[in-house]
Amino acid sequence: MFDRVMGSLNYPVFIATTTSAGERDGCVIGFATQASIDPGRFLAGLSRENRTYRLARDAIALAVHAVPRERRDLVELFGGETGDEVDKLARCDWSLGPHGLPILDGCPSWFAGTIVSRHDLGDHEGLLLAPVDARYERGELLYFQDVKDVEPGHPA
Ligand SMILES: Cc1cc2nc3c(=O)[nH]c(=O)nc-3n(C[C@H](O)[C@H](O)[C@H](O)COP(=O)(O)O)c2cc1C
């Protein structure tokens, strides 16, 4: 029943990107929320199965992108494919951001945050982020109920 309740909720989905050891990747995350106002903090939950998590283990920062309503294709790419098999960043437009993070051209609202602590959440790890840069553009976003049919590239 817990799964049914969770599956009925609605919340924004994000694309988290990171870089370490000269590699870059990213994945869709729904387990993500602002966690503090002052100081500003954001908690991003990464599955230990994901390639993005493996990069994030040695990373100092993440970029977190809100996904425009018309960019379901980016959720299918970053949530439905794994970097273990597909070079996702070769299939979309992006530019270099703070700390060498890939910033997705298709997502004009984003922030970059340094990883200030890591937390065992179960099969996910929580990365607490302190924002260092951000951009905002008004627009409709994608939510979990819009994309929950996308089959994750990695089982959680
Ligand atoms: C709607 C949706 C929500 C997801 N939420 C999360 C999440 O909160 N954390 C996570 O690590 N993966 C989440 N995933 C799964 C990853 O995005 C997916 O397995 C991705 O293919 C992993 O790519 P990677 O192996 O290149 O990192 C979600 C996927 C979808 C479609």
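The values are calculated or read from the model by the stated rules, or taken from the named source; none is laboratory data. Being a predicted model, the structure only gives us computed values, none of them experimental. So basically every Cβ, Gly included, is an ideal-geometry build from the backbone, and we count neighbours across all protein chains shown.
Got at least one residue in the stretch 139-156 being in a loop (DSSP other than H, G, I, E, B) and more than 14 Å from the ligand (Cβ to nearest atom)? Walk me through it before giving the result.
Residues of the stretch 139-156 that are in a loop (DSSP other than H, G, I, E, B), as a first pass: 139-140, 142, 148-156.
Pick out the ones that are also more than 14 Å from the ligand (Cβ to nearest atom) and you get 139-140.
Yes, some residue in the stretch 139-156 is in a loop (DSSP other than H, G, I, E, B) and more than 14 Å from the ligand (Cβ to nearest atom).
One line per residue, one yes/no per condition, for (1) within 14 Å of the chain's Cα centre (by Cα); (2) in contact (Cβ under 8 Å) with a residue 24 or more places away in the chain:
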position	(1), (2)
GLU76	yes, yes
THR82	yes, yes
ASP87	no, no
PRO98	no, yes
LEU104	yes, yes
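When you look at ALA112, is it surrounded by 18 or more Cβ atoms within 10 Å (Cβ to Cβ) and assigned to a strand (DSSP E or B), yes or no?
Numbers: surrounded by 18 or more Cβ atoms within 10 Å (Cβ to Cβ): yes; assigned to a strand (DSSP E or B): yes.
Judged against the criteria, ALA112 is a match.
The rows are residues; the columns are (1) modelled with pLDDT of 95 or more; (2) crowded, with 16+ Cβ neighbours inside 10 Å; (3) among the hydrophobic types (A, V, I, L, M, F, W, C).
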position	(1), (2), (3)
PHE2	yes, no, yes
THR18	yes, yes, no
ILE29	yes, yes, yes
GLY40	yes, no, no
ALA44	yes, yes, yes
ASN50	yes, yes, no
ARG54	yes, yes, no
LEU62	yes, yes, yes
Restricting the stretch 79-109 to residues that are assigned to a loop (DSSP other than H, G, I, E, B) and of a type in the set (Val, Ile, Thr), which is farthest from PHE31 (Cα to Cα)? VAL86
Members of the stretch 21-45 found to be farther than 18 Å from GLU85 by Cα, near the ligand (Cβ under 10 Å from one of its atoms) and in a strand (DSSP E or B), listed by number: ILE29, ALA32, ALA44, GLY45
